[in-house]
Amino acid sequence: SKYNRDVRVIPVDFSEGQSVYDDIQAEISDLDIAILVNNVGTGIGGESYFSQVDPLRHRKVIELNCQSMIQMTHLVLPKMLEKKKGIIVNIASILCLFPVPLSTVYSSSKIFVLHFSTALQTEYKSKGIIVQCNSPGYVATQLVGLKKATWWAVDPVAYGRSSVATIGLQHHTNGCLYHVIQAFVLKLLLGQKTSINVMKVWGKIKQKWAK
């Protein structure tokens, strides 16, 4: 291959529950995994009041955004501890920095990622394990409907390089300078009444989407 690496693809649907992790365990049991990136996730799709969302959709958000991270860490961490080295990167979101009404479960799942990562790093830092929480803003990918970088969404390749450079230096990062600035500006604009102000902003965005 171009980078002289073998790639093993394991197609799974993380919303299917425990059977998925049994399959993954069987596939990776012979591998020496140095880096785990927990990037599985989903959102609600549009912003809605909590009571207007099907509970099954909320369950899916928790299953994908939180449970998958816990389960994959369970699968990989033991061998890392045997080697006394390893890196775990958990992908959160810039929305973990404050409560987000109308996206209540999604934003709450992302603060879980941050707290999980911080606690895990404290537990295993002395054992050679690096745990990082990455809280990015928008990155220009097909997932968010963008084919190229804009003033508010960074280029994915540039973001990846910048983000990787922070591993081992920062336990919580926004990944790139532009997202650090975004986070600072958001906190500054939202002020002390963060939750109320976020709801006002999300409400205006939703009205524009509806037009």
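State yes or no: is TYR178 at pLDDT 75 or above, within 24 Å of LYS84 (Cα to Cα) and more than 16 Å from the chain's Cα centre (by Cα)? Considered against the rule, which asks whether it is at pLDDT 75 or above, within 24 Å of LYS84 (Cα to Cα) and more than 16 Å from the chain's Cα centre (by Cα), TYR178 comes out as no.
Quick one: how many residues across the range 118-135 are assigned to a helix (DSSP H, G or I) and either modelled with pLDDT under 95 or of a type in the set (A, V, I, L, M) (or both)? So that I can check it myself, show each step before the final result.
Step one: of the range 118-135, the residues assigned to a helix (DSSP H, G or I) are 118-127.
Still in the running and either modelled with pLDDT under 95 or of a type in the set (A, V, I, L, M) (or both): 119-120.
Looking only at that region, the number is 2.
The set of residues in the range 3-34 being within 28 Å of TYR138 (Cβ to Cβ) and surrounded by fewer than 10 Cβ atoms within 10 Å (Cβ to Cβ) consists of TYR3, VAL7, VAL9, PRO11, ASP13.
Inside the range 103-117, can you point out the residues that are assigned to a helix (DSSP H, G or I), over 13 Å from the mean Cα position of the chain (by Cα) and not β-branched (Val, Ile, Thr)? Those that are assigned to a helix (DSSP H, G or I), over 13 Å from the mean Cα position of the chain (by Cα) and not β-branched (Val, Ile, Thr): none in the range 103-117.
Results for (1) within 30 Å of GLN71 (Cβ to Cβ); (2) surrounded by 12 or more Cβ atoms within 10 Å (Cβ to Cβ); (3) touching a Pro at 6+ places or on another chain (Cβ under 8 Å); (4) modelled with pLDDT under 85, shown as yes or no for each residue.
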residue	(1), (2), (3), (4)
VAL157	yes, no, no, no
LEU189	no, no, no, yes
THR194	no, yes, yes, yes
TRP209	no, no, no, yes
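Just one of the listed residues (GLY86, GLY128, GLY160) is in contact with a strand residue (DSSP E or B) (Cβ under 6 Å, 6 or more places away or on another chain), without any contact (Cβ under 8 Å) to a residue 60 or more places away in the chain and among the small types (Gly, Ala, Ser), namely GLY86. Against the numbered list (1) modelled with pLDDT under 80; (2) part of a loop (DSSP other than H, G, I, E, B), VAL201 comes up short only at (2).
Could you please find all residues in the range 35-86 being crowded, with 17+ Cβ neighbours inside 10 Å and part of a strand (DSSP E or B)? Within the range 35-86, LEU36, ASN38, GLY86 qualify.
The values are calculated or read from the model by the stated rules, or taken from the named source; none is laboratory data. Owing to the predicted nature of the structure, the values given are computational and were not obtained by experimental measurement. Note that each Cβ is placed from the backbone with ideal geometry, even for glycine, and that neighbours are counted across all protein chains shown.
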